[in-house]
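In what follows, a single structure is set out as structure tokens and then discussed.
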Amino acid sequence: MPAATARYILSAKAETSGEWESGLSEASRAGVNIVCVASYFKGADFLRECKRQGARVELLTRERTRHEPWPHESLDGLHFLPDHAGAELTLHAAAQLCRERKLHALVALEEFDVITTALAREHLRLPGPDSSRARLFRDKLAMRIRAAEAGLTVPDFVPLFNYQEVGEYMERVAPPWVIKPRSDVSASGIRRLEESEQVWRAIEALDARESLQDKSPYYLLEKFVPGEVFHVDSVLEGGEIIFSGASRYGRPPLRVVSEGGVFTTRTLEYDSTEHAELTRLNAELLGALGLGRGAAHAEFIRGAEDGRFYFLEVAARVGGAHIAETLEAASGHNLWREWARVEVAHARGARVGRIEPRRDYAGLALSLARQEHPDTSAYDDPEIVFRVDRPHHVGLVVRSPRPERVRELLDAYAERFTRDFSAYVPPPERRGINL
């Protein structure tokens with residue numbers, strides 16, 4: 001074992017819940033063993049549910065998360081790698097965890113680990129998406145090509161490979177455009193461009209970067225489509241969507257990232273045409289991308305000019321920004337926990353089956369806050385079911401049997417948050433394009 005890996009794996013033994021063996025019985029050791037990978041603090045509910053389902057659970061994470069509130073009581077092993085650890089070291093560390101116990105599942109809880117974890121599964125010959133499949137959920141170019149081939153409507157796009165192709169695209173597709181990193185998350189690194197000269201300057205700036213993975217071939221150019229943005233969050237088992245929820249963002253995430261303000265999302269009316277259409281499109285998308293088991297967060301935009309739904313992006317993960325808590329408030333089911341149930345059941349050769357949700361409505365208002373610990377005691381509506389507890393953030397989840405009440409509360413909170421708490425931090429340049 002390389003010295004770096006040995007050092008971090010050995011140091012992890014002191015971080016486990018109890019002794020390294022955790023006092024497990026022989027029967028427990030013969031049961032389901034799951035290793036999760038997370039480069040950032042994410043998926044505590046997944047870890048807890050795996051343990052509640054009787055699995056042995058270990059977490060492979062990074063030094064930067066050492067002081068995060070991981071659920072130590074649910075972990076049989078907590079292992080820290082260097083923050084800069086690459087795929088090779090992560091793969092080797094996962095292999096070391098197979099030395100004494102057969103590993104049944106290797107799961108990425110965080111989007112940045114999806115491909116690395118798939119490579120480790122390939123190396124260890126474990127079930128789950130291989131790296132080619134995983135790339136469809138990380139590479140915005142790959143997912144667009146596959147979605148378009150499957151017949152979904154996608155904004156016109158072009159990779160930044162060939163100058164002639166880019167020039168012909170700009171002659172054919174009228175501005176505005178957006179330039180997007182192919183592998184960043186959410187709205188990170190996206191810039192709107194209004195004329196061709198800006199595009200050429202952006203390509204030149206990207207190609208001047210030192211890191212090869214920050215240069216223009218790792219970006220794409222896409223037609224900017226104004227409109228309302230929606231998301232569909234799903235849990236899959238055996239290639240079938242067993243649980244999903246469709247929601248609408250208040251302001252498009254790109255505007256929140258670039259301009260600040262209050263982020264809101266709310267569940268759609270269950271009998272609406274929007275809900276039916278988005279549920280159908282999401283099923284077609286995930287079928288085309290071939291995600292057989294796991295969680296997915298897909299985003300679509302309804303064009304303001306033509307009313308059509310366009311596919312924007314998809315990730316093989318639970319949606320961030322407390323979407324899981326919001327959907328749980330409406331449905332009674334938590335995405336992280338249902339995903340964990342699927343993974344443990346699969347390792348045992350069993351199935352969870354379709355999940356029947358409650359049909360309430362829920363919404364979330366979330367913002368950066370000027371205060372380190374915002375006081376929301378003045379927000380005392382009985383519909384509040386969850387309060388975000390995170391430094392310099394303020395957030396509330398509400399639930400009601402009436403969708404109009406959810407909209408009313410979110411509108412009021414967006415205004416009050418702006419007055420009482422909201423702060424704005426400009427997004428960091430991704431060693432950036434500054435146009």
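The values are calculated or read from the model by the stated rules, or taken from the named source; none is laboratory data. All of these numbers come straight from a predicted model, not from anything done at the bench. Glycine gets a Cβ as well: all are built from the backbone with ideal geometry, and neighbour counts include every protein chain shown. Note: areas computed on protein heavy atoms with side chains; ligands, DNA, RNA excluded. Shrake-Rupley method; radii C 1.70, N 1.55, O 1.52, S 1.80 Å.
Calculated from the alpha-carbon coordinates, segment 159-230 shows an Rg and a Dmax of 12.1, 37 Å respectively.
Both radii were evaluated on the Cα set of the chain; the Rg over Rh quotient, with Rh as the Kirkwood radius, amounts to 0.96. A crude spin-label estimate for the pair Arg209 and Glu63, with each label 7 Å from Cα along the Cβ direction, gives 2.5 nm. Pairwise inverse Cα distances across segment 242-300, averaged and inverted, put the Kirkwood hydrodynamic radius at 13.1 Å. Spatially, segment 28-57 and segment 155-178 are offset by 44 Å when compared through their Cα centroids. When the P(r) is computed for segment 275-406, the part past 22 Å accounts for 51% of the Cα-Cα pairs. Please build a GNM for the chain, connecting alpha carbons under 10 Å apart, and tell me which residue among Arg302, Arg144, Arg201 fluctuates the most. Highest fluctuation of the listed residues: Arg201. Computed with a 1.4 Å probe over protein heavy atoms only, the accessible surface of the chain comes to 45 Å² per residue.
Would you please calculate the Kirkwood hydrodynamic radius of segment 33-160 over all C-alpha pairs and express it in Å, rounded to one decimal?
Values: mean 1/r = 0.0635 Å⁻¹.
So the Kirkwood estimate lands at 15.7 Å.
Hull volume per residue, based on the alpha-carbon atoms of segment 297-351 and their convex hull, is 119 Å³.
I'd like to know how segment 175-292 sits against the 2.2 N^0.38 Å rule of thumb: what's its Cα Rg over that expected value? Write down the numbers at each step before the final one.
Working: Rg = 17.4 Å, N = 118, 2.2 N^0.38 = 13.5 Å.
Compared with the compact-globule rule of thumb, segment 175-292 sits at 1.29.
Distance distribution P(r), segment 230-349, all Cα-Cα pairs, bin width 10 angstrom from 0: 13, 45, 33, 8, 1 percent.
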